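Structure record follows, encoded as structure tokens.
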């Protein structure tokens, strides 16, 4: 198998091809015609490897899979640490493409499965929704800061009020569309998830998008690690033995949603309440206990979807 490393940027991408004396590189435009030129340059049996670079890599990924070419999409952190292991001190597009090709040869990454059309649409809606909420918060803060001035400009006041009204309308519309699309395309998962006390439609939709309808992961711990809710540890010899914070990988917005849901579930979810009280009795801080409850919610969500059974509050599984 010939591994081709690809470093993608906004307007172009660099491909690294194995050669007798190392690698040769070639630059293509990040357009449909540029991708087709790249596909024509590929050898018969090849495996393309690239970093996950958001929207700029999706066209290339989509067209490669349409051409039945094996392609892997890897976390940039993996490539970064691999470059450190190779003692690479220079960073250019050509060198990055060569390192990615070398990473493919050494690590043999698994092929990437492109998300379904519904998941891609939901991701776009959630991304725009998140940005609109940030803009709304910024404008609300601006409106408050202007309101305390001794004399406020009427034009600026009206412009701010109209923009805030417009943003709230768009946010509400997007939230309704996300819920509707999730309920339509992933009705089974939605019904199972909202049966859990503490998980509403908004969080259920976010979990479906992040996990591809709970098809991307084989167990709940992988989801916790992906969302950045797993604790970190540092231990070496006798001098280093440190329990760190959560790893904070993945979607910050979804992680905060899970934290808020965990706080609510402590009151209404029997298993979450028991987890929180047990950890508090052991002397854990409130924040640590709430994070543990958030992990508990992830395990409950994974269990109900994979077992195709709604949540039963207070249920205790029978031991074999």
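The values are calculated or read from the model by the stated rules, or taken from the named source; none is laboratory data. Predicted model only: the values in this text are computed from it and were never measured. Here the Cβ positions follow ideal geometry from the backbone for every residue, glycine too, while neighbour counts run over all protein chains shown.
Restricting attention to segment 106-122 and to residues that are part of a helix (DSSP H, G or I) and exposed (fewer than 15 other Cβ atoms within 10 Å of the Cβ), the residue that is modelled with the highest pLDDT turns out to be 106. What are the residue pairs meeting all of these: first residue in segment 54-69, first residue closer than 11 Å to residue 31 by Cα, second residue surrounded by fewer than 16 Cβ atoms within 10 Å (Cβ to Cβ), Cβ atoms under 6 Å, and 6 or more apart or on different chains? Close Cβ pairs satisfying both conditions: 56/10.
Looking for whichever is surrounded by 14 or more Cβ atoms within 10 Å (Cβ to Cβ), in contact with a helix residue (DSSP H, G or I) (Cβ under 9 Å, 6 or more places away or on another chain), part of a helix (DSSP H, G or I) and without any contact (Cβ under 8 Å) to a residue 12 or more places away in the chain here; the options are 263, 305, 288, 293. Which one fits?
Working: 263 fails: without any contact (Cβ under 8 Å) to a residue 12 or more places away in the chain; 305 fails: without any contact (Cβ under 8 Å) to a residue 12 or more places away in the chain; 293 fails: without any contact (Cβ under 8 Å) to a residue 12 or more places away in the chain.
Only one candidate passes the filter, namely 288.
What do you reckon, is residue 49 under 20 Å from the mean Cα position of the chain (by Cα) and touching a residue at least 24 places away in the same chain (Cβ under 8 Å)? When the stated conditions are applied, residue 49 passes them. Which residues, counting only those in segment 99-123, are in contact with a helix residue (DSSP H, G or I) (Cβ under 9 Å, 6 or more places away or on another chain) and over 22 Å from residue 62 (Cα atoms)? 99, 102, 106, 107 - these are the residues of segment 99-123 that are in contact with a helix residue (DSSP H, G or I) (Cβ under 9 Å, 6 or more places away or on another chain) and over 22 Å from residue 62 (Cα atoms). Only residues that are more than 36 Å from the chain's Cα centre (by Cα) and under 30 Å from residue 118 (Cβ atoms): list them for segment 144-187, please. Matches in segment 144-187: none.
Remark: pairs (first residue in segment 1-24, in the same structural domain as residue 36 (by TED's automatic domain parsing) and under 14 Å from residue 103 (Cβ atoms); second residue at pLDDT below 90 and part of a strand (DSSP E or B); Cβ separation under 6 Å; 6+ apart in sequence or on different chains) are absent. The numbered conditions (1) closer than 23 Å to residue 31 by Cβ; (2) in contact (Cβ under 8 Å) with a residue 12 or more places away in the chain are all true for residue 125 except (1).
Find the residue count for segment 129-143, including only residues that are closer than 28 Å to residue 215 by Cα and either surrounded by 14 or more Cβ atoms within 10 Å (Cβ to Cβ) or over 28 Å from the mean Cα position of the chain (by Cα) (or both).
Of the residues in segment 129-143, the ones closer than 28 Å to residue 215 by Cα are 129-131.
When the remaining residues are screened for being either surrounded by 14 or more Cβ atoms within 10 Å (Cβ to Cβ) or over 28 Å from the mean Cα position of the chain (by Cα) (or both), the result is 129-130.
Of the residues in segment 129-143, 2 are closer than 28 Å to residue 215 by Cα and either surrounded by 14 or more Cβ atoms within 10 Å (Cβ to Cβ) or over 28 Å from the mean Cα position of the chain (by Cα) (or both).
Within segment 180-194, one or more residues are surrounded by 13 or more Cβ atoms within 10 Å (Cβ to Cβ) and not in a helix (DSSP H, G or I). Residue count for segment 267-285 under the criterion of being farther than 19 Å from residue 221 by Cα and touching a residue at least 40 places away in the same chain (Cβ under 8 Å): the result is 3. State yes or no: is residue 103 in the same structural domain as residue 13 (by TED's automatic domain parsing) and either touching a strand residue (DSSP E or B) at 6+ places or on another chain (Cβ under 7 Å) or not in a helix (DSSP H, G or I) (or both)? Considered against the rule, which asks whether it is in the same structural domain as residue 13 (by TED's automatic domain parsing) and either touching a strand residue (DSSP E or B) at 6+ places or on another chain (Cβ under 7 Å) or not in a helix (DSSP H, G or I) (or both), residue 103 comes out as yes.
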